[in-house]
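Enquirer: Mind having a look at this structure? Questions to follow.
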Amino acid sequence: MKLAIISHTEHYKLKDGSIVGWGPTINEINHLLEVFDTIYHVAMLHELEAPPSALGYSSDRVVFVPLPPLGGQGVGAKLEILWKAPAVISIIYNTLKKADKFQFRAPTGIGVYVIPFLSLCVKKPGWFKYAGNWNQETPPLGYRLQRWMLQQQSRKVTMNGSWPNQPTHCISFENPCLTINELEEGLRLGKEKSIASTINFCYVGRLEKPKGVERIIKALAGLSASEKSRVGVVHLVGDGKEKDYFLEISRDTGMRFKFHGFLPRHEVFEIYRESQVFLMPTTASEGFPKVIAEAMNYGCLPVVSNISSIGQYIIDGELGYCLKEVSAENLREVIRELMGLSDTQYKTILNKQRGVVEKFTYKYYNLRIKTEIL
């Protein structure tokens, strides 16, 4: 069986001519080769240097089909998406001729015309994957339009979380990020971790205010001297335009903040292994960030926002802490509370997390694709 995936996933060409792309998506597609014989990935090729987090495909059974890089802020970027619509549709149409099924990954700029094309002009079976916040009250116009179009058509749509008045063809689905070996390693590691003395914190994602990086720094900066003595290293993995600002405000906190930039997947996992707590006090539009499940697998207690579907997985006080009010002050109080946990209480939370973590394995995802989608 041959699958065509259509997405906005960033790809890059290395000096040796090989193609790499955004790591989490590439990993997911590599594991989908257990379900499909050939996968055509129609996605965007950028003329930029690849970040360390980019990965290559594991097999030549994945065929990359380049699209021009489209999207971005500003009127010019929006108009370019529409101007190049005929070329994009032509590339997708010719690729679909080779495939038995398709998957379109939304929301994305090209979705405003690709979703209608697939819904009205393509008879080949397929499904849509909506990776954003399905229940976002005030999404951007393009995202709102794409969500509405997906509700009106009849093909299956996989989405984050479960919501009131959810159409029957829209299925709650977890995005995979873990292998069975990683799951087993995480189970062993969780039994060895301790929160009794020094606590290492970590964050993984874009370095920007909406994602909560400023709140993390200010929350920790406001701890007392004795509380700060419990903090080991605060790992911040990722990059963004506001990085210099975050570096500046972290210098006078009296704690060790380590800015790693983008890292390969195995190095990110090493930071999870070294940490006891994962912080993401975000107000950005989220689905369910895979990094939460990854961190939980390696014995990190999550302190996250009750936004989108996150609160459906992280039950406050049972599987971690889910902030109802997202502020530096509230985050600080939660950090103080978790500092008072005994090792027994900490390990009890880690044990309860396993039922959630197991839903984010590639094995479980592929099984659901076979039984609920195909």
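Enquirer: Quick check: is even one residue across segment 221-234 open to solvent by less than 10 Å² (accessible area, probe 1.4 Å), of a type in the set (A, V, I, L, M) and touching a Cys at 6+ places or on another chain (Cβ under 9 Å)?
Expert: Yes, segment 221-234 has at least one match.
Enquirer: Taking the options Lys241, Lys193, Lys209, Lys258, name whichever one is among the basic types (Lys, Arg) and closer than 17 Å to Leu301 by Cα. Full working, then the answer.
Expert: On the way: Lys241 fails: closer than 17 Å to Leu301 by Cα; Lys209 fails: closer than 17 Å to Leu301 by Cα; Lys258 fails: closer than 17 Å to Leu301 by Cα.
Criteria check complete, one pass: Lys193.
Enquirer: If a residue must be of a type in the set (A, V, I, L, M, F, W, C) and under 20 Å from Phe173 (Cβ atoms), how many such residues does segment 296-341 contain?
Expert: 7
Enquirer: Could you check Gln103 against (1) touching a strand residue (DSSP E or B) at 6+ places or on another chain (Cβ under 8 Å); (2) modelled with pLDDT under 95 and say which number it fails?
Expert: Status for Gln103: all satisfied but (2).
Enquirer: Kindly indicate the residue of segment 235-252 that is basic (Lys, Arg) and in a loop (DSSP other than H, G, I, E, B) and also most open to solvent (accessible area, probe 1.4 Å) among those meeting that condition.
Expert: Lys241
Enquirer: Still on this structure, please answer the following. Taking Pro139 and the conditions (1) buried (at least 16 other Cβ atoms within 10 Å of the Cβ); (2) more than 20 Å from Val112 (Cβ to Cβ), which numbered condition does it fall short on, given that it satisfies the others?
Expert: All conditions pass for Pro139, except number (2).
Enquirer: Report whether or not Gly186 is farther than 17 Å from Val303 by Cα and under 21 Å from the mean Cα position of the chain (by Cα).
Expert: Details: farther than 17 Å from Val303 by Cα: yes; under 21 Å from the mean Cα position of the chain (by Cα): yes.
When the stated conditions are applied, Gly186 passes them.
Enquirer: In the list Pro107, Pro86, Pro116, which residue meets the criterion of being open to solvent by less than 70 Å² (accessible area, probe 1.4 Å) and closer than 17 Å to Met44 by Cβ? Talk me through it step by step, then tell me what you get.
Expert: Details: Pro86 fails: open to solvent by less than 70 Å² (accessible area, probe 1.4 Å); Pro116 fails: closer than 17 Å to Met44 by Cβ.
That would be Pro107, the only listed residue that is open to solvent by less than 70 Å² (accessible area, probe 1.4 Å) and closer than 17 Å to Met44 by Cβ.
Enquirer: Another question about this same structure. Would you be able to tell me the number of residues in segment 10-24 that are open to solvent by less than 10 Å² (accessible area, probe 1.4 Å) and touching a Lys or Arg at 6+ places or on another chain (Cβ under 9 Å)?
Expert: So the answer is 1.
Enquirer: Moving on to the next point. Could you check segment 152-204 and list, in sequence order, the residues that are surrounded by fewer than 16 Cβ atoms within 10 Å (Cβ to Cβ) and of a type in the set (Val, Ile, Thr)?
Expert: Once the filter is applied, which keeps residues that are surrounded by fewer than 16 Cβ atoms within 10 Å (Cβ to Cβ) and of a type in the set (Val, Ile, Thr), segment 152-204 yields Thr168, Thr179, Ile180, Thr198.
Enquirer: Does at least one position in segment 69-77 carry a residue that is farther than 26 Å from Ile373 by Cβ, surrounded by 12 or more Cβ atoms within 10 Å (Cβ to Cβ) and touching an Asp or Glu at 6+ places or on another chain (Cβ under 8 Å)?
Expert: There is at least one residue in segment 69-77 that is farther than 26 Å from Ile373 by Cβ, surrounded by 12 or more Cβ atoms within 10 Å (Cβ to Cβ) and touching an Asp or Glu at 6+ places or on another chain (Cβ under 8 Å).
Enquirer: Return the pairs, sorted by first residue and then second, in which the second residue is open to solvent by 70 Å² or more (accessible area, probe 1.4 Å) and assigned to a loop (DSSP other than H, G, I, E, B), the first residue lies in segment 1-15 and is on the phi > 0 side of the Ramachandran plot and without any contact (Cβ under 8 Å) to a residue 24 or more places away in the chain, the beta carbons are less than 8 Å apart, and the residues are 6+ apart or on different chains.
Expert: Note: no pairs meet the criteria.
Enquirer: Taking the condition open to solvent by less than 70 Å² (accessible area, probe 1.4 Å), within 23 Å of Tyr362 (Cβ to Cβ) and among the charged types (D, E, K, R), does Lys101 pass?
Expert: When the stated conditions are applied, Lys101 passes them.
Enquirer: Using beta carbons and a limit of 9 Å, which pairs, at least six apart or on different chains, have the first residue in segment 35-58 and of a type in the set (Gly, Ala, Ser) and modelled with pLDDT under 95 and the second one in a strand (DSSP E or B) and open to solvent by 50 Å² or more (accessible area, probe 1.4 Å)?
Expert: Ala50/Glu10; Ala50/Lys13; Ser53/Trp22; Ala54/Glu10; Ala54/Trp22
Enquirer: Any idea which of Gly287, Gly261 is on the phi > 0 side of the Ramachandran plot and at pLDDT below 95?
Expert: That would be Gly261, the only listed residue that is on the phi > 0 side of the Ramachandran plot and at pLDDT below 95.
Enquirer: Right, another one. Is at least one residue of segment 262-278 within 23 Å of Trp163 (Cβ to Cβ) and either in contact (Cβ under 8 Å) with a residue 60 or more places away in the chain or under 14 Å from the mean Cα position of the chain (by Cα) (or both)?
Expert: No, that holds for no residue.
Enquirer: The conditions are (1) out of contact with any helix residue (DSSP H, G or I) (no Cβ under 7 Å at 6 or more places or on another chain); (2) under 30 Å from Leu33 (Cα atoms); (3) among the charged types (D, E, K, R), and Glu358 fails exactly one of them. Which is it?
Expert: (1)
The values are calculated or read from the model by the stated rules, or taken from the named source; none is laboratory data. For clarity, every value in this text was computed on a predicted model and none was experimentally measured. Note: ideal-geometry Cβ built from the backbone for every residue, glycine included; neighbour counts use all protein chains shown. For the accessible areas, the whole protein counts, side chains as well, though only heavy atoms, and no ligand, DNA or RNA atoms are used. Shrake-Rupley method; radii C 1.70, N 1.55, O 1.52, S 1.80 Å.
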